[in-house]
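The values are calculated or read from the model by the stated rules, or taken from the named source; none is laboratory data. None of these values were measured; they are calculated from a predicted model. Using ideal geometry, Cβ is built from the backbone for each residue, glycine included, and neighbour counts are taken over all protein chains shown.
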Amino acid sequence: MRRAVCPGSFDPVTNGHVDIVGRAAQLFDEVVVAVGVNQSKNRLFTPEERIAMLEEATGEFPNVRVEAFQGLLTDFCLERDIIAIVKGLRAVSDFDYELQMAQMNSSLSGIETVFVPTSPEYSFLASSLVKEVAAYGGDVAPLVPPHVLSALHDRLAERSSG
């Protein structure tokens, strides 16, 4: 069984994330979407909420499962017999950082990184931009799955009224 991981914070999951996961699911027997949990970072959604949103967003892919992880991604991979890390690349600037990470991960564990170019319609998309645009009332409906849009609006309304 050839397993890959798609890691990220997914705060929130976007259509670009779903696109990369779906494409990885065509390349590997099993794909684990690994949700990074770092208590020191201020996230809009809890790890449990991000996992639930991802499970719904990737439900159409029978060979995809979602898990949380802490610590080194390479340790997570070794514990699960994962052979590859799949990363989406939006621009050349992503490549500079991701190449260093890929080389470090390979030197630590021998796990290879597979770079998948982002589909052109998602090349500008980042969770941080989605949150910012939504916070100012912009329409992010085309950028996230419908259930994520609803959760995003609800959370931003909670924060603005509290």
remark   = Of (1) touching a residue at least 60 places away in the same chain (Cβ under 8 Å); (2) in contact with a helix residue (DSSP H, G or I) (Cβ under 7 Å, 6 or more places away or on another chain); (3) surrounded by 19 or more Cβ atoms within 10 Å (Cβ to Cβ); (4) over 19 Å from Val116 (Cα atoms), Glu56 fails just (3)
task = For Phe76, state whether it is surrounded by 17 or more Cβ atoms within 10 Å (Cβ to Cβ), farther than 20 Å from Thr118 by Cβ and out of contact with any helix residue (DSSP H, G or I) (no Cβ under 6 Å at 6 or more places or on another chain).
result = yes
inquiry  = Just to check your reading of the model, which residue among Ser106, Ser128 is free of Cβ contacts under 8 Å to residues at least 12 places away in the same chain, in contact with a strand residue (DSSP E or B) (Cβ under 7 Å, 6 or more places away or on another chain) and either among the small types (Gly, Ala, Ser) or closer than 20 Å to Val31 by Cβ (or both)?
reply    = Ser106
query = Out of all the residues in the range 114-128, is one or more more than 18 Å from Leu44 (Cβ to Cβ), assigned to a helix (DSSP H, G or I), at pLDDT below 95 and charged (D, E, K, R)?
reply = yes
query = In the range 132-162, which residues are outside any loop (DSSP other than H, G, I, E, B) and either surrounded by 19 or more Cβ atoms within 10 Å (Cβ to Cβ) or hydrophobic (A, V, I, L, M, F, W, C) (or both)?
reply = Val133, Ala134, Ala135, Ala141, Leu143, Val148, Leu149, Ala151, Leu152, Leu156, Ala157
